[in-house]
1. Go through region 97-137 and count every residue that is within 22 Å of Gly68 (Cα to Cα) and touching a Lys or Arg at 6+ places or on another chain (Cβ under 8 Å).
2. Looking at (1) in contact with a strand residue (DSSP E or B) (Cβ under 7 Å, 6 or more places away or on another chain); (2) within 20 Å of Ile312 (Cα to Cα), which one does Leu108 not meet, given that it meets all the others?
3. Is one or more of the residues making up region 256-270 assigned to a helix (DSSP H, G or I), in the same structural domain as Lys170 (by TED's automatic domain parsing), touching a Lys or Arg at 6+ places or on another chain (Cβ under 7 Å) and within 18 Å of Glu227 (Cα to Cα)?
4. Anything in region 200-243 that is surrounded by 15 or more Cβ atoms within 10 Å (Cβ to Cβ) and polar (S, T, N, Q)? List them, or say none.
5. Using the structure shown, decide if Gly40 is under 25 Å from Leu130 (Cβ atoms), modelled with pLDDT of 95 or more and not basic (Lys, Arg).
6. Tell me which residues, restricted to region 1-58, are closer than 22 Å to Ile78 by Cα, in a strand (DSSP E or B) and among the acidic types (Asp, Glu).
7. Can you name every residue in region 305-327 that is of a type in the set (Val, Ile, Thr) and under 23 Å from Ala99 (Cβ atoms)?
Amino acid sequence: MRIGVPSETKTLEGRVALVPAACADLVRRGHEVYVQAGAGLKSGFHDEDYARVGVKLVQSAKKLYEAGELIVKVKEPIAGDLKLLRKDHLLFCYLHLAAEPKLTERLLEIGLTGVAFESVTEADGSLPLLAPMSIIAGRIATQIGTHLLHQPSGGKGKLLGGLPSTERGKVVVLGAGAAGGNAAALAAAGGANVVVFDMRPDRLAQMMALGANVTALYPYEETVAREVKDADIVIGAVLIPSAKAPRVVTRAMVKSMEPGSVLVDISIDQGGCFETSKPTTWAHPTYVVDDVIHFCVTNMPGAVPQTSSQAICAAILPYVNRLASDKNWRKFEPLKSGINVEGGKIVHPALKS
């Protein structure tokens with residue numbers, strides 16, 4: 001099969017879907033791999049690295065999309081990409097369609113088959129292609145939140161871990177999955193007092209095991225409101241697979257927080273879990289509501305593209321090979337579960353509601 005890897009076009013997005021070593025594996029299996037020139041540069045992979053393993057480099061997005069049958073990218077297609085996608089394309093990437101009705105409509109108009117990374121589900125219910133980026137986003141969320149608390153960034157000027165004679169900072173994390181769990185672990189390791197909310201007892205137990213400075217609670221609305229009120233950083237990592245994120249933190253809760261506090265919404269890809277959330281980019285990552293700093297960048301792992309590209313590529317490669325090699329890939333349940341749209345119709349149940 002002809003596999004096309006375009007350059008990412010989202011603002012300051014540096015990832016590339018397939019690294020040279022992965023392309024080499026696909027070439028050895030008999031596939032033709034096309035990569036847009038310069039696609040890997042921000043991740044530290046040069047055109048020569050791709051050419052050396054038998055990749056065919058093309059100079060423009062137009063030529064790339066013309067050549068490819070299976071289009072493998074990281075983030076959802078935006079304006080420039082949509083003009084080049086065709087009905088016969090098989091698109092494999094993050095789509096997050098629950099939060100993007102206009103994108104959904106456009107893909108339905110094109111009529112292509114769209115398999116979303118975030119929807120691919122294994123038999124045990126795990127989300128293998130979402131997990132690596134969730135881990136990275138969780139760690140970035142704590143790092144960014146810590147930085148935004150600094151006074152030059154507009155924050156209240158608090159050192160998150162504190163020190164003898166001062167108070168520790170407080171971090172509230174909503175959701176204890178891959179993203180929230182990693183955010184909580186990093187905050188706890190930094191010495192903050194951490195409160196984590198989740199509905200699953202097993203996850204609450206895992207969070208408690210992080211240390212004596214971690215409290216794990218069920219997300220009753222009154223309890224969430226109480227803990228958010230005096231939090232220095234609130235990290236939203238609520239996930240309903242492939243569906244729009246629920247709004248867990250209300251405008252009233254935000255208003256109750258101290259000026260200079262920070263909200264980081266990892267769930268923004270799926271619409272956000274704060275009532276005051278709206279998507280931002282790495283070019284303009286923050287805004288302020290009721291004196292509270294909001295960080296809602298929709299491609300957080302794009303800030304560390306070398307790490308992110310290596311991680312996502314390792315996760316997706318077996319599935320890319322299945323899509324490219326097996327005409328009956330739709331009978332493979334994990335990939336079947338990932339189909340969001342096909343032939344002008346919405347396929348995934350979470351998008352139909």
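The values are calculated or read from the model by the stated rules, or taken from the named source; none is laboratory data. Note that the structure is predicted; figures quoted are calculated from it, not measured. A quick note on method: Cβ atoms are made from the backbone with ideal geometry, for glycine too, and the neighbour counts reach across all protein chains shown.
1. Qualifying residue count, region 97-137: 4.
2. Failing condition for Leu108: (2).
3. Yes, region 256-270 has at least one match.
4. Correct list: Gln206, Asn213, Thr215, Ser242.
5. Yes; evaluated as a whole, the condition is true for this residue.
6. Scanning region 1-58 gives no hits.
7. Step one: of region 305-327, the residues of a type in the set (Val, Ile, Thr) are 307, 312, 316, 320.
Residues satisfying the conditions are Ile312, Ile316.
This table checks each residue for (1) under 20 Å from the mean Cα position of the chain (by Cα); (2) under 23 Å from Leu148 (Cβ atoms); (3) assigned to a loop (DSSP other than H, G, I, E, B); (4) free of Cβ contacts under 8 Å to residues at least 40 places away in the same chain.
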site: Arg203; (1), (2), (3), (4): no, no, no, yes
site: Ala225; (1), (2), (3), (4): no, yes, no, yes
site: Val238; (1), (2), (3), (4): yes, yes, yes, no
site: Pro246; (1), (2), (3), (4): yes, no, yes, yes
